[in-house]
Amino acid sequence: MEIRHIDIDYGYCSDRNDLSDEDRLLLVAAEKACTTAYAPYSNFRVGAAVRFDDGEILTSSNQESVAFPSGICAERGLLYFVQANRPQKKIRTLAIVSSPSPTECTPCGACRQVIADTEQRQKTPIRILMGGAQSTIVIESAQALLPFHFTLPATKE
Ligand code: THU
């Protein structure tokens, strides 16, 4: 058997001031969105913000349900809203942050799949900013976040 390797390049920024103004603003928008979270069960608020290639920014947050699995993650809810309401637009960057933010906010597996689906549909890379209190992880394409993501054979290109 041949052993193959996957390498992932990512940026690590220990000081948010080293990011571009655009990226910093998107992280701030995601932070503001944390305040709209409904997270009485986990007490973990997540905010997500997308910047489209025309500069428009949309945000959302995690919403929990008393029937626990019925809740929705911030970034997944936002991407579904985008698909329903801005289907022609391309997302350039997605920022994800949490409150509290002990570490950078990295998306769960289900969200990675949905981010990868979105990237595949729009045919241009989605940059992802995973924000912590000061530090940020930057990844240039959703593909890198979920190698071997699921695709239906009919949708493979
Ligand atoms: N959560 C997100 O919003 N995004 C993720 O990628 C992972 C987790 C939310 C779901 C739940 O409301 C809370 O964080 C704790 O799991």
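Coordinate-derived values only; no laboratory data. Everything numeric in this text was worked out from a predicted model, so none of it was measured. With ideal geometry, Cβ positions are generated from the backbone for all residues, glycine too; neighbour counts draw on all protein chains shown.
If the only charges are +1 at each Lys and Arg Cβ and -1 at each Asp and Glu Cβ, what is the size of the charge dipole of segment 11-145 around the Cα centre, to the nearest 20 debye? Don't skip to the end; give the middle numbers.
Numbers: 14 positive and 15 negative charges, 73 e Å.
Dipole size: approximately 360 debye.
For the chain, the normalised intensity computed at q = 0.09 Å⁻¹ comes to -0.28 (log10 of I(q)/I(0), Debye sum over alpha carbons, equal scatterers, no solvent). Ranking I96, L27, F68 by Cα position along the charge dipole of the chain, where only Lys, Arg, Asp and Glu carry charges on their C-beta atoms, puts F68 farthest toward the positive end. Say a paramagnetic label sat at a point 7 Å from the Cα of I3, along Cα to Cβ; which residues of segment 120-157 have their backbone N under 15 Å from it? From segment 120-157, the list is empty. Sum up the charges of everything whose Cβ sits under 14 Å from the Cβ of Q134, counting Lys and Arg as +1 and Asp and Glu as -1, but leave Q134 out. Result for the local shell: -3.
Projected label points at R121 and Q134, each 7 Å from Cα along the beta carbon direction, are separated by 3.9 nanometres.
Between segment 61-95 and segment 125-157, how many Å separate their Cα centres? About 15 Å separates the Cα centre of segment 61-95 from the one of segment 125-157. Phi angles of segment 58-70 translate, via the Karplus equation with coefficients 6.51, -1.76, 1.60 and θ = phi - 60°, into HN-Hα couplings of 10, 9, 7, 8, 6, 10, 9, 10, 4, 8, 2, x, 6 Hz per residue; Gly and Pro are given as x. Using θ = phi - 60° in the Karplus curve 6.51 cos²θ - 1.76 cosθ + 1.60, the 3J(HN,Hα) couplings for segment 73-86 round to 5, 4, 6, 6, x, 5, 5, 5, 4, 4, 4, 7, 10, 9 Hz; x is entered for Gly and Pro. For the chain, the tally of Lys pairs with Cα-Cα distances below 21 Å comes to 4, considering only residues 8 or more apart or on different chains. Taking other C-beta atoms within 10 Å as the exposure proxy, I115, I6 rank I6, I115 from fewest upward. Here the relative contact order of segment 74-138, from alpha carbon pairs under 8 Å that lie six or more residues apart, stands at 40 percent.
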